[in-house]
Amino acid sequence: MNTKHILHLYARAGFGATQNDLKRCVGLNRAQIVNALFDSSKAIQPLEIDVSEFVNINYRNLDKTTVRELRKKSRDRIKIYNIKWIERLVTTPELLREKMTLFWANHFVCRNENILFVKKYNNALRSNALGNYGDFTKAISKEAAMLNYLNNSRNIKQNPNENFARELMELFMLGVGNYTEFDIKESARSFTGYNHDRNGNFKLKRLLHDEDEKVFFGKKGNFNGDDIINMILEQKQCARFVCAKVYKYFINDTINNKHLEELTNLFYKDYDIEKLMRYIFNSDWFYSEENIGAKIKSPIELLVGMNKVVPMAFKKQKDLFKIQKLLGQTLLDPPNVAGWKGGKNWVDSNTIMLRLKLPSILLGNAQISVKPKGEYEDSYEEFYAKSKRKKIINVTPNWIEFEKQFVDVSIKELEQQLIIAQISDGTKTYLDSLSKSSKREYCIQLMSLPEYQMC
């Protein structure tokens, strides 16, 4: 397995390969490298922060002022959880599990302002990320965050609420056009009474659950929510729908129907997520040129990938939120139930300029030249001093760790490792014109290229 293929694998299964990753792959074949990725992600490490202050709170017994204060504290704690999640993505040894968690967060899309529910939901994604899709969906249907977000906590026998039942089929399992309005109504009845306690633990309110006969996909019975999910899983379209989402996220925005059917046939047998991902990463076509460097990095992939190359610390947490918002992806705060569209939607005239400038903004206290070789070269610090400009974002990059990581890597190898997309003739000409006397300088210049936006 050549270096380019290893870089491609780690870009899709994670956020880029470190030098240690590449060294561990020396002398190994594809199957061994893929197995190692899965072995390192067997462990499930819940993402934790202190939420003890919010346990066992009965909001109904509190005055409005206290409730407002608690909700503000909860929102602030969610911001801390956001930071912790990004730190986890940068440093985790469970690389694939965390990448899968990020993927599922934009599939089972959910937003909530209760930190207890948010933490519990996020860890449900993490623990089920490589498990069985049917079990996963059933677990999500019982999560307090989802019960609140799609109003299923208000779904009662006397007045069924169809929101969750509709999105379950439209966004989570089948896709538009593969069910009827009658199916939605009957499945909503099956999910009546689904609720939770004040700490987010699921409970079925039996007096509010509809025990009468329902008709779903032509079958009759006293169905509950799990029964509905089981019957949807019997539809091959469910496997096809989920595999299409996996294909667009991990392989290519343009789907190869032959390869999609391969994945669908495999996944439909037992809905084993790990087995599906192993098949993808071991397939010859996954490493074809049409799939390498073909996807635009999401804002989180871009930020985390840069941080793995040059570790950096934000002096103010709000700056990291500012960047996420400006780039168009704030963790734990999806735009709507459909989530982020991804692909070309990640960039527009504003975000592409920020993306290209981001390396200089974040790594601006390095000795950076932006001039072609042979011309007058000020350091970035001298430029700032002369122009009396203020830093936009206060970041401390760990250049010592960068130099340590890339000590045995040549300038040319650095280019090949940071840019896996096909480099245009114009970019080649530009790179040839630049001074290559400093790895730090060249690293920022490489990260500022349009091709670095691709993975």
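Determine whether Asn282 is within 30 Å of Thr351 (Cα to Cα) and either among the aliphatic types (A, V, I, L, M) or not assigned by TED's automatic domain parsing to the domain that holds Arg60 (or both). Spell out how you get there, then give the answer.
Numbers: within 30 Å of Thr351 (Cα to Cα): no; either among the aliphatic types (A, V, I, L, M) or not assigned by TED's automatic domain parsing to the domain that holds Arg60 (or both): yes.
When the stated conditions are applied, Asn282 does not pass them.
Scan region 137-144 and tell me whether some residue there is of a type in the set (Gly, Ala, Ser), open to solvent by 20 Å² or more (accessible area, probe 1.4 Å), part of a helix (DSSP H, G or I) and closer than 30 Å to Lys185 by Cβ. Spell out how you get there, then give the answer.
Step one: filter region 137-144 for residues of a type in the set (Gly, Ala, Ser), giving 139, 141, 144.
Okay, now just the ones that are also open to solvent by 20 Å² or more (accessible area, probe 1.4 Å), so 139.
Then drop every residue that is not part of a helix (DSSP H, G or I), which leaves 139.
Next, from what is left, pick out any that are closer than 30 Å to Lys185 by Cβ: 139.
Looking through region 137-144, at least one residue is of a type in the set (Gly, Ala, Ser), open to solvent by 20 Å² or more (accessible area, probe 1.4 Å), part of a helix (DSSP H, G or I) and closer than 30 Å to Lys185 by Cβ.
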Determine the pairs where a residue that is in contact (Cβ under 8 Å) with a residue 40 or more places away in the chain and in a loop (DSSP other than H, G, I, E, B), located within region 44-68, has a partner that is aromatic (Phe, Trp, Tyr) and open to solvent by less than 40 Å² (accessible area, probe 1.4 Å) with Cβ atoms under 8 Å apart, the partner being 6 or more residues away or on another chain.
Leu47/Tyr81; Leu47/Trp85; Ile49/Tyr81
Go through the residues of region 99-116 one by one and say whether even a single one is polar (S, T, N, Q), in contact (Cβ under 8 Å) with a residue 60 or more places away in the chain and open to solvent by 10 Å² or more (accessible area, probe 1.4 Å).
yes
Consider region 153-183. How many of its residues are open to solvent by less than 40 Å² (accessible area, probe 1.4 Å), part of a helix (DSSP H, G or I) and under 27 Å from Trp340 (Cβ atoms)?
9
Report whether or not Phe202 is closer than 16 Å to Met231 by Cβ, surrounded by fewer than 20 Cβ atoms within 10 Å (Cβ to Cβ) and touching a residue at least 24 places away in the same chain (Cβ under 8 Å).
no
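Does Ile255 count as crowded, with 20+ Cβ neighbours inside 10 Å, touching a helix residue (DSSP H, G or I) at 6+ places or on another chain (Cβ under 7 Å) and among the aliphatic types (A, V, I, L, M)?
On the way: crowded, with 20+ Cβ neighbours inside 10 Å: no; touching a helix residue (DSSP H, G or I) at 6+ places or on another chain (Cβ under 7 Å): yes; among the aliphatic types (A, V, I, L, M): yes.
No: the conditions fail for Ile255.
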Matching entry among Ala313, Ala294 (being part of a loop (DSSP other than H, G, I, E, B) and hydrophobic (A, V, I, L, M, F, W, C))
Ala294
What are the pairs with Cβ atoms under 6 angstrom where one residue, in region 16-33, is open to solvent by 50 Å² or more (accessible area, probe 1.4 Å) and the other, located anywhere, is not in a helix (DSSP H, G or I)? Sequence gap at least six, or different chains.
Arg30/Met1
Could you tell me whether any residue of region 234-246 is within 19 Å of Ala139 (Cβ to Cβ) and of a type in the set (Lys, Arg)?
yes
If the Cβ limit is 8 Å and pairs must be 6+ apart or interchain, which residue in region 402-426 that is of a type in the set (D, E, K, R) pairs with which residue that is open to solvent by 50 Å² or more (accessible area, probe 1.4 Å)?
Glu403/Lys439; Glu403/Arg440
Run Met277 past the list (1) assigned by TED's automatic domain parsing to the domain that holds Cys443; (2) surrounded by 18 or more Cβ atoms within 10 Å (Cβ to Cβ); (3) not small (Gly, Ala, Ser) and report the number of the one that doesn't hold.
(1)
So which residues in region 85-94 are surrounded by fewer than 16 Cβ atoms within 10 Å (Cβ to Cβ) and farther than 14 Å from Arg126 by Cα?
Glu87, Thr91
When region 345-365 is examined, which residues are found to be touching a residue at least 60 places away in the same chain (Cβ under 8 Å) and over 22 Å from the mean Cα position of the chain (by Cα)?
Lys357, Ser360, Leu363
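Taking region 24-59 on its own, how many of its residues are over 30 Å from Asn199 (Cβ atoms) and either of a type in the set (D, E, K, R) or in contact with an Asp or Glu (Cβ under 8 Å, 6 or more places away or on another chain) (or both)? Lay out the reasoning, then the answer.
Keep residues of region 24-59 that are over 30 Å from Asn199 (Cβ atoms), which gives 24-40.
Imposing the further condition that a residue be either of a type in the set (D, E, K, R) or in contact with an Asp or Glu (Cβ under 8 Å, 6 or more places away or on another chain) (or both) reduces the set to 24, 30, 38-40.
Count: 5.
Look through region 210-254, keep the residues that are under 20 Å from the mean Cα position of the chain (by Cα) and in a loop (DSSP other than H, G, I, E, B), and return whichever of them is nearest to Leu171 (Cα to Cα). So that I can check it myself, show each step before the final result.
Keep residues of region 210-254 that are under 20 Å from the mean Cα position of the chain (by Cα), which gives 241-254.
Then drop every residue that is not in a loop (DSSP other than H, G, I, E, B), which leaves 251-254.
Working: Ile251: 20, Asn252: 20, Asp253: 17, Thr254: 19 Å.
If we take residues in region 210-254 being under 20 Å from the mean Cα position of the chain (by Cα) and in a loop (DSSP other than H, G, I, E, B), then Asp253 is nearest to Leu171 (Cα to Cα).
Scan Lys258, Lys315, Lys295 and give me the residue that is at pLDDT below 95 and either under 23 Å from Ser448 (Cα atoms) or not assigned by TED's automatic domain parsing to the domain that holds Pro359 (or both).
Values: Lys258 fails: at pLDDT below 95; Lys295 fails: at pLDDT below 95.
Just one listed residue meets the conditions, Lys315.
The values are calculated or read from the model by the stated rules, or taken from the named source; none is laboratory data. Keep in mind the model is a prediction, meaning the values are calculated, not measured. Counting neighbours? That spans all protein chains shown, and the Cβs are built from the backbone with ideal geometry, glycine included. All accessible areas refer to the heavy atoms of the entire protein, side chains included, with ligands and DNA or RNA removed. Shrake-Rupley method; radii C 1.70, N 1.55, O 1.52, S 1.80 Å.
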